[in-house]
1. If you go through region 199-213 one residue at a time, how many are modelled with pLDDT under 95 and acidic (Asp, Glu)?
2. Within region 164-184, is even one residue more than 24 Å from Ala88 (Cα to Cα) and buried (at least 18 other Cβ atoms within 10 Å of the Cβ)?
3. Consider Arg223 carefully, then state whether it is at negative phi and either touching a Phe, Trp or Tyr at 6+ places or on another chain (Cβ under 6 Å) or not hydrophobic (A, V, I, L, M, F, W, C) (or both).
4. Go through (1) out of contact with any Ser or Thr (no Cβ under 9 Å at 6 or more places or on another chain); (2) over 20 Å from Ser146 (Cβ atoms); (3) open to solvent by 10 Å² or more (accessible area, probe 1.4 Å) and name the single condition Asn230 misses.
5. Scan (1) over 18 Å from Thr212 (Cα atoms); (2) not in a loop (DSSP other than H, G, I, E, B) for the single condition Asp157 breaks and write down its number.
6. Could you please find all residues in region 111-153 being open to solvent by 40 Å² or more (accessible area, probe 1.4 Å), assigned to a strand (DSSP E or B) and not hydroxyl-bearing (Ser, Thr, Tyr)?
7. Within region 199-241, which residues are of a type in the set (Gly, Ala, Ser) and assigned to a strand (DSSP E or B)?
Amino acid sequence: MALRVGRLFVGLSLLALAVAACESETVLLSGQTVVSNTPWEAPEEARYRLMDGDEVKGSAIFRIEIQDGKVRFTQEFESEEFSDEVEAVADSETMRPRSIERVVDGPEGARRWQVEYQDGSALVVQRTEDDDRRDEITVPTRSYDSWTDVFLWRTIDFREGYEATYADVLSATLAKPQVISQSLKVTGKETIEVPAGTFETWRLEIRSPDGTQQAWYADTETRPLVRYDNGSLTFELLSLR
């Protein structure tokens, strides 16, 4: 993912687009859920730098808030030319999506998305100054929105060899919305050093036809994201509070 609108601000949805081969521990797309527990203590704010090798390409802030049985995940991305802000609301226990709001602002103006989940479908409205587009997609009963993925991955059963596959809705993107399969595998523990400090982490692989992404979550009760490598940029934790 490079700092271009087609890669940074579409690619920042943190997506993997396919199913890898699954062993006996795999969670199949049969109405099951990958949520083991919701480990965070909200409110929470994590700040990251976005790296391309040794060069800083941008910044990100992830926030979590809980109110009235719903959890609100906020993601803010900044570069020299673009900003991208996403607010995703989901059920606080099941992570089932409720709504998404996204605004990308750059040299060509702002693009806005509103997504509403209801009765087994998602309505996606995408607007610019010159365009208004509406799409509706049928979604599985137990599915997740791609804009909650980086938080959802914190909820899995972290143990070596764990694998899971789940249904993911690609909603607020430039492309037509669709439901895809995500494949996850916990490969073991690693010690990771980032600007925020040194952490003992669980390493998670996220597989797709385009390659394998990697995420490292701290081996603590709250499982914060320490590092994320999507194959183009690497997120490194700067601070957590």
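1. Total meeting the criteria: 1.
2. Within region 164-184, the subset more than 24 Å from Ala88 (Cα to Cα) is none.
Checked region 164-184: no residue is more than 24 Å from Ala88 (Cα to Cα) and buried (at least 18 other Cβ atoms within 10 Å of the Cβ).
3. Working: at negative phi: no; either touching a Phe, Trp or Tyr at 6+ places or on another chain (Cβ under 6 Å) or not hydrophobic (A, V, I, L, M, F, W, C) (or both): yes.
Considered against the rule, which asks whether it is at negative phi and either touching a Phe, Trp or Tyr at 6+ places or on another chain (Cβ under 6 Å) or not hydrophobic (A, V, I, L, M, F, W, C) (or both), Arg223 comes out as no.
4. Asn230 satisfies all of (1) out of contact with any Ser or Thr (no Cβ under 9 Å at 6 or more places or on another chain); (2) over 20 Å from Ser146 (Cβ atoms); (3) open to solvent by 10 Å² or more (accessible area, probe 1.4 Å) except (2).
5. Condition not satisfied by Asp157: (2).
6. Arg111, Arg112, Gln114, Glu116, Gln118, Leu123, Arg127, Asp132, Arg133, Arg134, Glu136, listed by residue number.
7. Going through region 199-241, the residues of a type in the set (Gly, Ala, Ser) turn out to be 208, 211, 215, 218, 231-232, 239.
Passing the criteria: Ser208, Gly211, Ala215, Ala218, Ser239.
A quick yes/no check of all residues on (1) at pLDDT below 95; (2) open to solvent by 40 Å² or more (accessible area, probe 1.4 Å):
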{"position": "Ser13", "(1), (2)": "yes, no"}
{"position": "Ala20", "(1), (2)": "yes, no"}
{"position": "Thr26", "(1), (2)": "yes, no"}
{"position": "Glu44", "(1), (2)": "no, no"}
{"position": "Val71", "(1), (2)": "no, no"}
{"position": "Glu76", "(1), (2)": "no, yes"}
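The values are calculated or read from the model by the stated rules, or taken from the named source; none is laboratory data. Model, not experiment: these values are computed from the prediction. Cβ atoms come from the backbone with ideal geometry, glycine included; neighbour counts cover every protein chain shown. With ligands, DNA and RNA removed, areas are computed over all heavy atoms of the protein, side chains included. Shrake-Rupley method; radii C 1.70, N 1.55, O 1.52, S 1.80 Å.
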